Amino acid sequence: MKNSFKFCMLCVLIATTGIFANVRIVHRTGVGARAYSMANNYVAIAKDLSSTYWNPAGLAFLPVREFQMSLFGQSQESVSSFFDNIEIDNMQRLHLLQCGFVHALPTSRGGVSLAGAYQNPIIFDDINTFSGTFQDTTVSSTYRTFGGLNFWTGGFGIQVAPGTGIGVSVSLVTGRENTRDQFSISYPGISEQDDYNIETGYLGYDLRAGFLYSYQEKAFWGIRLVFPSRIRFTEEYSDGISDGTGTLYSSYRAVFGFAMELPFMVFSTEVNMRAPYTYVFPNENIIKKSPAAKTKVGGGLGIEIPLVVTPLLIRAGYAYNEFDTHAFVVKYNDTDEQFTDAPWSSDGITAEKDKHLITAGLAWLLGNWNFELAYGYQFWELNTNNTLFQEYDMHRVLASFSMRF
């Protein structure tokens, strides 16, 4: 009985470390300093280069040409509690977030804008270390993954009627990810240890469409629909014999937003949702209790206030999103190059606290030149089989420069 318990613990903890887990932490950070400083509540007011991601229809309301470039710095910390033993770990990164150009073509009906951009809106960063002893069993694990998805995007927006725009953007998705997983477990007479280093490459597509309606250029209603993506991946293991291939799948995502532009303030609010994977895989038996079979929701509010004495804007925002264990579904190819059953399990991982994002920002508007800064603090907590508890904190700083002419 005692050995059976230890064997079950071993299986659970190997899954927890992440190498073989179905669950990955996905940060949909978005692009653009203005959007981020308003906690990404942007679908109803997106009218710049970042519209290709937030709402392609907003491109139709950009009456000029625009060049924009954004950078971000990020620090992520995890605090893991395992059998009353606490471990703290952190990781940082500095990266180009967005760079691109929009060209507006005024027409008799309103406007048409074309855009092209490089964007880095989705990252997979995760780090955690835990160790502990239960009775005479000792467990130690260090897991680190660093990488994400790059979007090479082209899009357009067009006004189909006064105050009404539609748009579409298509992205070639590429990416790299490096994963390091070290795991060991021992008890009298037995010792198990694994050390993996995996390099993963991604290649796929992203397709999104948008709608934006403006009432007297004061009230705005926006909709963004993101279609399911298929992103191929290839894994190269450090042992040289465990290489794997497969596909990341996403489900339908929809966002509905409303905004008001007043002389003394701009505010924007939205609701977002990820549809159940039953719409993507109608022929698969996805149990109702699986997080993949449920709708995941979120929403928030952002504000922007101009200061009278200087060309300065201050911004703030808040967003709440349910932690999604199935932001992507991973399917590996088997030896016959047929897809195996999708991993609908959440590996015992549940959210003790969902994702909360609090942001603030500044913008200097100097004629055709704009400089923007944004800061955000996000936190969430996870529980794995009531054995491993993890608290996460993320700090991000964005800087954006744009020129309109």
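Structure summary
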{"quantity": "Given (1) in contact with a Ser or Thr (Cβ under 6 Å, 6 or more places away or on another chain); (2) open to solvent by less than 70 Å² (accessible area, probe 1.4 Å); (3) closer than 26 Å to residue 149 by Cβ, index of the condition residue 223 fails", "calculated": "(1)"}
{"quantity": "Which numbered condition residue 266 misses (of (1) touching a strand residue (DSSP E or B) at 6+ places or on another chain (Cβ under 8 Å); (2) of a type in the set (Val, Ile, Thr); (3) modelled with pLDDT under 95)", "calculated": "(3)"}
{"quantity": "The range 57-78, residues that are crowded, with 18+ Cβ neighbours inside 10 Å, within 30 Å of residue 131 (Cβ to Cβ) and of a type outside the set (Gly, Ala, Ser)", "calculated": "74, 76"}
{"quantity": "Unmet criterion (only one of (1) more than 27 Å from residue 277 (Cα to Cα); (2) crowded, with 17+ Cβ neighbours inside 10 Å) for residue 323", "calculated": "(1)"}
{"quantity": "Looking only at the range 326-339, and only at residues there that are open to solvent by less than 70 Å² (accessible area, probe 1.4 Å) and at pLDDT 80 or above, the one that is nearest to the chain's Cα centre (by Cα)", "calculated": "327"}
{"quantity": "Any hit, the range 253-261, residues being open to solvent by 20 Å² or more (accessible area, probe 1.4 Å), touching a residue at least 60 places away in the same chain (Cβ under 8 Å) and hydrophobic (A, V, I, L, M, F, W, C)", "calculated": "yes"}
{"quantity": "Residue match in the range 210-217 (condition: touching a Pro at 6+ places or on another chain (Cβ under 7 Å) and more than 30 Å from residue 133 (Cα to Cα))", "calculated": "yes"}
{"quantity": "Residue in the range 85-96 that is more than 30 Å from residue 174 (Cβ to Cβ), surrounded by 16 or more Cβ atoms within 10 Å (Cβ to Cβ) and either among the acidic types (Asp, Glu) or touching a residue at least 24 places away in the same chain (Cβ under 8 Å) (or both) present", "calculated": "yes"}
{"quantity": "Lone qualifier among 177, 192 - being open to solvent by 40 Å² or more (accessible area, probe 1.4 Å) and touching a strand residue (DSSP E or B) at 6+ places or on another chain (Cβ under 8 Å)", "calculated": "192"}
{"quantity": "Test: residue in the range 146-158 that is exposed (fewer than 15 other Cβ atoms within 10 Å of the Cβ) and over 22 Å from the mean Cα position of the chain (by Cα)", "calculated": "no"}
{"quantity": "Residue ranges of helices (runs of 4 or more DSSP H) in the range 1-109 with at least 1 members modelled with pLDDT of 95 or more and among the basic types (Lys, Arg)", "calculated": "33-37"}
{"quantity": "The listed residue being touching a helix residue (DSSP H, G or I) at 6+ places or on another chain (Cβ under 7 Å) and either modelled with pLDDT under 90 or β-branched (Val, Ile, Thr) (or both), out of 130, 183", "calculated": "183"}
{"quantity": "Condition broken by residue 228, with the remaining ones in (1) out of contact with any Asp or Glu (no Cβ under 6 Å at 6 or more places or on another chain); (2) surrounded by 19 or more Cβ atoms within 10 Å (Cβ to Cβ) satisfied", "calculated": "(2)"}
{"quantity": "All positions within the range 270-301 that are assigned to a helix (DSSP H, G or I) and hydrophobic (A, V, I, L, M, F, W, C)", "calculated": "292, 293"}
{"quantity": "Residue within the range 320-338 that is in a strand (DSSP E or B), closer than 21 Å to residue 39 by Cα and in contact (Cβ under 8 Å) with a residue 12 or more places away in the chain present", "calculated": "yes"}
{"quantity": "Qualifying residues in the range 118-145 (those that are touching a residue at least 40 places away in the same chain (Cβ under 8 Å) and within 30 Å of residue 214 (Cβ to Cβ)) - the one surrounded by the most Cβ atoms within 10 Å (Cβ to Cβ)", "calculated": "119"}
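The values are calculated or read from the model by the stated rules, or taken from the named source; none is laboratory data. None of the values given here were measured: they were computed from a predicted structure. In this analysis, Cβ positions are derived from the backbone assuming ideal geometry, glycine residues included, and neighbour counts consider all displayed protein chains. Areas reflect the complete protein model, heavy atoms only, side chains present, ligands, DNA and RNA absent. Shrake-Rupley method; radii C 1.70, N 1.55, O 1.52, S 1.80 Å.
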